[in-house]
Amino acid sequence: MDAPMDDDRGTTGRPPADGADPRHLSRKTVLRAALAAGVALPAALMGVPALARTVGPDGGPLDLTPECDDGDDPTPPQMEGPYFKPNSPRRTSLVDAGTPGTRLTVTGYVFGLACQPLGNVLLDFWQADVNGVYDNTGFRFRGHQFTDAGGAFTLTTIVPGLYPGRTRHLHVKVQAPGRPVLTTQLYFPGEPRNNTDSLFDPRLLMVVRNVTGGREATFDFVLNVTQTGTTTRTSTTTSSPGGGTWAAGTSYAIGARVTYGGTGYSCLQAHLAQPGWEPPNVPALWRAE
Ligand SMILES: [Fe+2]
């Protein structure tokens, strides 16, 4: 597989974090459930822009999945120790029966801006092994696949090990046919290093749960692909009703309370607030009260 080098911006379409207020279930969450169940969707649902993580009275296009690049990608050909390698094998499983590590299954969908699933989207995953080491000579823990007609993907792998300077993460390139590549990373909730890794972005947190024999994770990508019924995205700024006590640059502790856009929120995870991490955008960090 030959991945273009330019990056795109996509959007995060994760369902609400565990414990999210059911009143905050988005149209997209409903869509996800319907897709999983094989339910035919009414045009009114398919054709209307939906918010991925928040309920807004005005609706609007989805927020772009944040780009995330730790400097080892794309790979300058003269640099040694590249972590991304093109031409990974096409496969949905990166493990065999003897692979050490905690089994991890990642499932999700790829959507366009109108919350419609995108088929035949390339997903190229790579990650460290259980010891935090990348295979730079072969293709262990590297593989690409394509979403099915319903926009779904499944990756079978292990929980990657840690290596110095980074929190736990998966790398992925996502590319809709004929579109630029989104290069990003997926993160695990509850990791101590999430609070100190400068690349960590809570909008890229997977929803992870422990199951017998390992963990199951979900994450939905939303690419900057215009679809019928999509309103034109005019700004990368997320909905920002503004007002309130929340402020970027502030360190918040667990339990801290802020207001934003007329709603009160309590902090779920200590963090240094960043632009774009407004409480409605990061349910992993803030819970509406
Ligand atoms: Fe990495």
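Rule-based calculations on the coordinates, nothing more; no lab input. Source: prediction; values computed, not measured. Counting neighbours? That spans all protein chains shown, and the Cβs are built from the backbone with ideal geometry, glycine included.
Numbers below:
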{"read-out": "Mean Cα-pair separation over length for segment 77-153, i.e. relative contact order, pairs under 8 Å, 6 or more apart, %", "value": "40"}
{"read-out": "Extension gain (nm, one decimal) between residue 209 and residue 196, 0.36 nm per residue minus Cα-Cα", "value": "2.4 nm"}
{"read-out": "Inter-site label distance for residue 130 and residue 263 at 7 Å from Cα along Cβ, in nm", "value": "4.1"}
{"read-out": "Global form of segment 85-206, assessed from the alpha-carbon gyration tensor, a/c cut-off 1.5", "value": "oblate"}
{"read-out": "Relative contact order, percent, segment 238-289 [alpha-carbon distance under 8 Å, six or more residues apart]", "value": "35"}
{"read-out": "Computed FRET value (nearest 0.05) for residue 102 with residue 139, which takes r as the C-beta separation and R₀ as 35 Å", "value": "0.95"}
{"read-out": "Cα extents of segment 238-289 along the three principal axes, largest first (Å)", "value": "24, 21, 17"}
